[in-house]
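Taking it in order: structure first as structure tokens, then the write-up.
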Amino acid sequence: MNVKVLHASLEDEKGRLPAADVIVSSMTLHHIPDTVKAARALFAVLNPKGQIAIADLDEHDGGFHSVQDANVHNGFNRQALQKVFFSAGFRKIEFCEAYTRRKQLADGRERDFKIFLMTARKSF
């Protein structure tokens, strides 16, 4: 097995991101302001028949982050996210519930946040 872990930015406009067979992202997508651009960038760096696996938050009304940042999404509506990735070229887009994260909020209350796993393939 040939695995290389890479810390890189999807906003690298100079094309320095290497091609990949598999891209895994965990709890990152909700920190990227432009989801459409991110989906296109992921598609561009995947080899033909490459795959992605993205774990992130289901849509919620806030509170996951103690300090609300204008660039942070309050999770994602799965159907809307599926449309974004389909429009970028991904196929076989599937979702499953991956985890429920219980978290203490800034006011001391505890709340559950659902995390999904989205998988998809690049195909032509």
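The values are calculated or read from the model by the stated rules, or taken from the named source; none is laboratory data. In this text, all values refer to a predicted model and were calculated from it rather than measured experimentally. Ideal geometry is used to build each Cβ from the backbone, glycine not excepted, and the neighbour counts take in all protein chains shown.
Look through 65, 60 and report the one residue that is modelled with pLDDT of 90 or more, under 30 Å from residue 111 (Cβ atoms) and not in a helix (DSSP H, G or I).
Step by step, each of 65, 60 is checked, and only 60 is modelled with pLDDT of 90 or more, under 30 Å from residue 111 (Cβ atoms) and not in a helix (DSSP H, G or I).
Would you point out the residue of the stretch 88-124, among those that are closer than 19 Å to residue 22 by Cα and of a type in the set (Ser, Thr, Tyr), that is modelled with the lowest pLDDT? I'd like the intermediate steps shown before the answer.
So the first thing to find is which residues in the stretch 88-124 are closer than 19 Å to residue 22 by Cα, and the list is 88-96, 98, 116-124.
Checking which are of a type in the set (Ser, Thr, Tyr) leaves us with 119, 123.
Values: 119: 98, 123: 80.
The qualifying residue modelled with the lowest pLDDT is 123.
Looking at this structure, is residue 47 loosely packed, with under 14 Cβ neighbours inside 10 Å, in a loop (DSSP other than H, G, I, E, B), over 12 Å from the mean Cα position of the chain (by Cα) and not hydrophobic (A, V, I, L, M, F, W, C)?
no
Which numbered condition trips up residue 39, out of (1) surrounded by 13 or more Cβ atoms within 10 Å (Cβ to Cβ); (2) at pLDDT below 95?
Unmet condition: (2).
Sort through 85, 95 and tell me the only one that's at negative phi, among the aromatic types (Phe, Trp, Tyr) and not in a strand (DSSP E or B).
85
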